[in-house]
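Derivation of every value follows stated rules applied to the coordinates shown; laboratory data play no part. Model, not experiment: these values are computed from the prediction. Neighbour counts run over all protein chains shown; Cβ positions are idealised from the backbone, glycine included.
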Amino acid sequence: MSTLIPNPSRTALLLCDLQNDFLHPEGAYGRAGLTSSAIAALPERLAPLAQRLRAAGGWTVATLFTLVPGKDGAPFISPHLKALRPFLGRGDFAPGSWGQAVVDALSPVDLAVEKVAYSAFYMSRLEWVLRKAGIERLLVAGIVTGAGVASTVRDAAVRDFACVVLEDGCAAFDPRAHAVAIEALRPVAHIAAIAEAIAALP
């Protein structure tokens, strides 16, 4: 039995925000010219692990950053996000839209949960879904390492989920920020490589 993944059926690959509006050239970030080769490489790198984990009885769970539209169709955007990403607007990350969806390389997923803040646990049904599925261990991947990933991992840890952060399965727009975030997560999560997780599966 692997100590990294002792029970695949109780393990989920948690894909944080790997969505078209973040990654695809025609998505909201791509249209604004905000791209990163490290981020773009994640889906193809993670796909073999997703396939192997599901074949072993595990789960793939996606968190979907969402901008909820108001009655006039304009999305509710937090002030800090509007200041950071002023290009975001009507139709971006809209519920049920192509932009909100998981990128093709990682589709389909077993479970998908909308999120409205950095942490996927904040005001969402993520914990409820994980408990119902019997998931106890999370292999965490996605973007960005120091924001959505870190916030979600810390919230998972205080909820007693065992967390493995996939160092080469996460990325940020700044490689230095990624490295700092990974080091800061060591007290609350095990840090591993995608290859180690694949090797731990039957």
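Normalised by the number of residues in region 53-185, the average gap of Cα pairs under 8 Å and 6 or more apart makes the relative contact order 20 percent. Add +1 for every Lys or Arg and -1 for every Asp or Glu among the other residues with Cβ under 9 Å from the Cβ of N7, and state the total. Spelling it out: positives minus negatives among the neighbours equals +1.
Other residues whose C-beta falls under 13 angstrom from the C-beta of E136 contribute a net charge of +3, scoring Lys and Arg +1 and Asp and Glu -1. Checking every one of the chymotrypsin sites (Phe, Trp or Tyr not before Pro) in region 1-99 against DSSP loop status and a limit of 15 other Cβ atoms within 10 Å picks out F76, F87, W98.
Once you list every other residue whose beta carbon is under 9 Å from the beta carbon of Y122, what net charge do they have if Lys and Arg are +1 and Asp and Glu are -1?
On the way: positive: K115; negative: D155.
Spelling it out: positives minus negatives among the neighbours equals 0.
Partners of K82 within straight-line reach, counting lysines whose Cα lies under 17 Å from its Cα and excluding those fewer than 8 residues away in the same chain: K115.
Taking square-rooted eigenvalues a ≥ b ≥ c of the alpha carbon gyration tensor, is the chain rounded, prolate or oblate, where a/c under 1.5 means rounded and, failing that, a/b exceeding b/c means prolate? Prolate is the answer for the chain, as a/c is 1.5 or above and a/b outweighs b/c.
With contacts taken as Cα pairs under 8 Å at a separation of at least 6 residues, region 1-114 carries a relative contact order of 36 percent.
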